[in-house]
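What follows draws every value from the coordinates through simple rules; no lab data is involved. From a predicted model like this one, the values you see are computed outputs, not experimental measurements. Counting neighbours? That spans all protein chains shown, and the Cβs are built from the backbone with ideal geometry, glycine included.
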Amino acid sequence: MTVERQTEDLPWHLKGNWAPVQDELNVDDLQVEGEIPKDLNGLYLRNGMNPRTGWSEHWFFGNGMVHGVELKDGKASYRNRFVRTPYYENDMQMMEAFGDPKASPANTHVVSHAGRILVVEEAHVPWEIDRDLNTVGVRDWDGRLTTPFTAHPRVCHETGELLAFGYSMMAEPYLHYYRVDAKGELVQNEPIEIPRPVMMHDWNVTRNHVIFMDLPLVFSLEGPNPGFAWRPECGARLGVMPRDGTNADVKWYEMNPCYVFHPFNAHEEGDKIILHVCRQPFAMMGGMQDIGGSEDNTARLWRWTIDTKTGSVTEEQLDDAPGDFARVDDRRTGLPARYGYMMGIDNKAPTLTFDSKLYKYDFQSGGRATQDLGEGWFGGEPCFAPRAADSAEDDGWVVSIVYDGNENESYLVIVNARDFEAAPVAKVRLPRRVPFGAHGSWLPA
Ligand SMILES: [Fe+2]
């Protein structure tokens, strides 16, 4: 192993391949093992926490750095940039930034909508970057968005809308719903009542509804450990609302306490709503920091079925592979998706540790295929890139920025989605180590 030497007293999220990088590069003509498909043209963007000072108190608090790999005619280039918000410019820590909706670390996800690329983090408003990854400015709809905006907005490929929510920790209402139309205009901003502030990291949309997850990772400033605490006695509920609805239209469905950082997708079947999620039985304070801390709280694939007639939620575990960072073909958002992709997590590790596996689920047959990157390799979030805009679901490739811990190098791997267990069709060697991060998107050329 030639991984960098580490200072023993650094927290896990600053060591090994979590350690931040500081330089901003543009490099063309990357080395490729295998062959980049000629019809895979576009830009893969991936965001992650990368503290500019080298230090952050929590994984969630590092500065956003976006890494981009552009594929064109079988060739690849790389670039990366910090997102230059007031959080970056003023070297802020999270406690200083809570009161300013624009002071975003902008570190969690990067999504494309209505001709803009938005970088998002759940305690602040979005920021916009361009295709060169330079920061354009805040995207708060001319100051009309003053409350936090999720890191997991969803684009509906039928209507072109961007659907989103935001949760607040300090003041009621603790939840808002947002709808942005296909032209990028904020057309709806609804306060939604929930009884207490909870960490609502992600959510679900279907063709006609959105589904909020009110799960008992509860925020409080009281007691010896202010912050988020696991409080199963508060119960767990799914809130189903029509996409153009208001607080009065939300119907809540009780379920067993659990935590979900990331669903795969949701869809409707008559009176039923089907959700595939990465469910963990509980979440500790600090959230995902502890996701790998115990075999018992690593997420697995579950299916929830809401029966809107009877008011029941059926909960079923479908597989035992530990993992998270679930995705489907983005074009299937809210529609029945047959295939889901998930990153493996090492449930024996004391802190959040990706493993060498990427998974592909077939929700129809119940099958699971595994892409094993090999000994000493660590995966990243899998993202589906279709062959063409109108190609069938799963006709394309799964891309992911992964880490070779044997050589301390990072690669973009390109896996044929329909031959998922075969060796990647290409491994694009990135010109520098890319720290483990969070979420990304494929932007077709
Ligand atoms: Fe996330």
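Sorted by average packing, counted as other Cβ atoms within 10 angstrom per residue and highest first, what order do 12-20, 106-114 take?
106-114, 12-20
Normalising by the residue count of the range 1-159, find the relative contact order in percent from Cα pairs under 8 Å and 6+ residues apart.
So the answer I get is 17 percent.
What spacing in nm lies between the two simple spin-label points modelled at THR159 and GLU269, each 7 Å away from Cα in the Cβ direction?
Here the answer is 2.4 nm between the modelled labels.
Expressed in nm to one decimal, what extension gain is obtained for the pair THR310 and THR53 from 0.36 nm per residue of sequence separation less their Cα-Cα distance?
Computed gain between THR310 and THR53 is 87.2 nm.
Excluding residues on the same chain fewer than 8 positions from LYS72, give the aspartates and glutamates whose Cα lies under 20 Å from its Cα.
Hits, sequence-local ones excluded: ASP28, ASP29, GLU33, GLU35, ASP39, ASP130, ASP132, ASP390, ASP395.
Treating only the Cβ atoms of Lys and Arg (+1) and Asp and Glu (-1) as charged, compute the dipole magnitude of the chain about its Cα centre; round to the nearest 20 debye.
Roughly 420 debye, rounded to the nearest 20.
Give me the log10 of I(q) over I(0) for the chain at q = 0.10, 0.13 Å⁻¹, as the Debye formula computes it from C-alpha points; what are the numbers?
Debye intensities relative to I(0), on a log10 scale: -0.65, -1.20.
Which length gain, in nm to one decimal place, applies between ALA392 and LYS75 when the Cα-Cα distance is subtracted from 0.36 nm times their residue separation?
Length gained, ALA392 through LYS75: 111.6 nm.
Could you check how many percent of all C-alpha pairs in the range 137-179 are farther apart than 16 Å?
Everything past 16 Å amounts to 43 percent.
So, with +1 on the Cβ of K and R and -1 on the Cβ of D and E, and no other charges, what is the size of the charge dipole of the range 1-128 about its Cα centre, to the nearest 20 debye?
The calculation lands at about 220 debye.
Using the Cα centre of the chain as origin and beta-carbon charges of +1 (Lys, Arg) and -1 (Asp, Glu), tell me which of PHE149, MET200, SER391 is placed farthest towards the positive end of the dipole.
Comparing the listed Cα positions along the dipole, SER391 ranks first.
When the convex hull of the C-alpha atoms of the range 118-234 is computed, what volume per residue in Å³ does it have?
124
Let me check the size of the range 1-158 from its C-alpha atoms; what are the radius of gyration and Dmax in Å?
Cα radius of gyration and Dmax of the range 1-158 are 16.8, 51 Å respectively.
Pull up all non-local amide H partners of VAL198: gap of 5 or more, or a different chain, and H-to-H distance under 5 Å with H placed in the peptide plane.
PHE219
Evaluate the charge dipole of the range 331-406 about its Cα centre and quote only its size in Debye, nearest 20, assuming +1 on the Cβ of each Lys and Arg and -1 on the Cβ of each Asp and Glu.
240
Mind giving me the nanometre distance, one decimal, between the label points for GLN188 and ASP132, set 7 Å out from Cα along Cα→Cβ?
Calculated label separation equals 3.8 nm.
Mind listing the Cα extents of the range 195-241 along all three principal axes, in Å, largest one first?
That works out to 44, 18, 14 Å along the principal axes.
If r is the Cβ-Cβ distance from GLN364 to ARG207 and R0 is 25 Å, what FRET efficiency results, to the nearest 0.05?
So, using R0 = 25 Å, E works out to roughly 0.85.
Between the range 299-325 and the range 173-240, how many Å separate their Cα centres?
Each part reduced to its Cα centre gives a spacing of 19 Å.
Using the Karplus curve 6.51 cos²θ - 1.76 cosθ + 1.60 with θ = phi - 60°, what ³J(HN,Hα) values do you get for each residue of the range 58-66, in whole Hz, with x for Gly and Pro?
Per residue, the Karplus-derived 3J(HN,Hα) values read 8, 3, 5, 9, x, 5, x, 10, 9 Hz.
If you plug each phi of the range 96-106 into the Karplus form 6.51 cos²θ - 1.76 cosθ + 1.60 with θ = phi - 60°, what whole-Hz ³J(HN,Hα) values come out, in order, with x for Gly and Pro?
6, 8, 4, x, 10, x, 7, 7, 8, x, 6
Scaled to the compact-protein estimate 2.2 N^0.38 Å, what is the alpha-carbon radius of gyration of the range 162-291, rounded to two decimal places?
Working it through for the range 162-291, the quotient is 1.06.
Hey, can you rank 130-140, 68-78, 306-316 by average C-beta count inside 10 Å, highest first?
The peptides rank, most packed first, as 68-78, 130-140, 306-316.
Determine the calculated [θ] at 222 nm for the chain from helices alone, applying -39500 (n - 2.57) to every DSSP H run no shorter than 4 residues and normalising by the residue count; nearest 500 deg cm²/dmol.
Rounded to the nearest 500, the figure is -500 deg cm²/dmol.
Quick one: grab the alpha carbon gyration tensor of the range 290-445, order the square roots of its eigenvalues as a ≥ b ≥ c, and give me rounded if a/c is under 1.5, else prolate or oblate depending on whether a/b is larger than b/c.
The shape class here is oblate.
Show me, for the range 228-244, the HN-Hα J-couplings you get by feeding each phi into the Karplus relation (A = 6.51, B = -1.76, C = 1.60, θ = phi - 60°), rounded to Hz, glycine and proline as x.
For the range 228-244, the Karplus curve yields 8, 9, 7, 10, x, 5, 7, x, 9, 8, 10, x, 9, 9, x, 5, 10 Hz.
Can you pull the one-decimal nm distance between simple spin-label points at ASN90 and LEU10, each 7 Å off the Cα toward Cβ?
Taking the simple label geometry, ASN90 and LEU10 are separated by 2.8 nm.
Answer with one residue from VAL69, MET95, SER400: the one whose Cα lies farthest towards the positive end of the charge dipole of the chain, charges on Cβ with Lys, Arg +1 and Asp, Glu -1.
My answer, from the dipole projection, is VAL69.
So how much slack lies between GLU409 and GLU24, counting 0.36 nm per residue of separation and subtracting their Cα-Cα distance, in nm?
That works out to 136.9 nm of additional length.
Can you pick out the pairs among LYS357/LYS427; LYS75/LYS357; LYS360/LYS427; LYS102/LYS183 whose Cα atoms lie more than 21 Å from each other?
Pairs exceeding 21 Å: LYS75/LYS357; LYS102/LYS183.
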